[in-house]
1. In square nanometres, what is the average projected area of the Cα convex hull of segment 6-61?
2. Which value in deg cm²/dmol, rounded to the nearest 500, describes the helix-derived mean residue ellipticity at 222 nm for the chain, given -39,500 (n - 2.57) per DSSP H run of n ≥ 4 and division by the residue count?
Amino acid sequence: MRGVPLSIFVREAVLREAENVMAAELSVTLSAEESRRFLVALGKSFAPNGRLKKAMERGLARR
């Protein structure tokens with residue numbers, strides 16, 4: 001176990017696995033078609049709807 005106490009070895013192993021799980025949960029993999037559609041959507045103009053406008057106003061008011 002690399003000359004470290006068992007508790008440290010276990011803690012490091014658990015931390016590594018937790019980081020791997022978090023990375024897998026937080027990343028998104030898109031197919032080529034999904035990537036193309038996503039980039040097309042990003043390139044389009046955007047106008048927020050009423051609910052989004054209200055949410056943005058509330059957020060700005062909290063600053």
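1. Values: hull surface 30.4 nm².
So the Cα hull casts an average projection of 7.6 nm².
2. -23500 deg cm²/dmol
The numbers here are math on the coordinates, done by the rules we state, and not lab data. Owing to the predicted nature of the structure, the values given are computational and were not obtained by experimental measurement.
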